[in-house]
Amino acid sequence: MLEALNDQISTTNVAINAALVAGQATAPLRKKLQALQDDLSAAQARHEAAQLIRMPLLSARRKTTRRLSCWQRMPK
């Protein structure tokens with residue numbers, strides 16, 4: 001998702017530059033660019049929030065695995 005938005009932003013920037021060189025209006029392209037940048041910011045925020053939620057879960061899983069490993073190594 002983030003990569004696709006970055007690609008669209010890049011393509012829109014190229015289109016804006018081409019429109020400027022050709023002397024064409026850039027307002028619609030700039031509006032599209034702003035919307036894409038807003039979407040990218042929101043997607044990045046969601047991604048970061050998901051990472052913050054995921055990290056404690058991974059840490060808890062590692063601790064549980066470590067405990068199990070110690071228990072499994074105990075002599076009978």
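Expressed as a rounded percentage, what relative contact order does segment 1-58 have, with Cα pairs under 8 Å and six or more residues apart?
Values: 23 pairs, mean separation 24.0, N = 58.
Once normalised by length, the contact order is 41 percent.
For a Förster distance of 22 Å, can you work out the FRET efficiency between the beta-carbons of Met55 and Met1, rounded to the nearest 0.05? Could the numbers behind the result be given before it?
Details: r = 20 Å, r/R0 = 0.91.
In this case the efficiency is close to 0.65.
Would you kindly derive the ³J(HN,Hα) couplings of segment 33-40 from the backbone phi angles with the Karplus curve 6.51 cos²θ - 1.76 cosθ + 1.60 (θ = phi - 60°), listing them in order in whole Hz, with x for Gly and Pro?
Working through the residues one at a time gives 4, 4, 5, 5, 5, 5, 4, 5 Hz.
No value in this document is a laboratory result; all are computed from the given coordinates. All figures in this text were calculated on a predicted structure; none of them were measured in a lab. In this analysis, Cβ positions are derived from the backbone assuming ideal geometry, glycine residues included, and neighbour counts consider all displayed protein chains.
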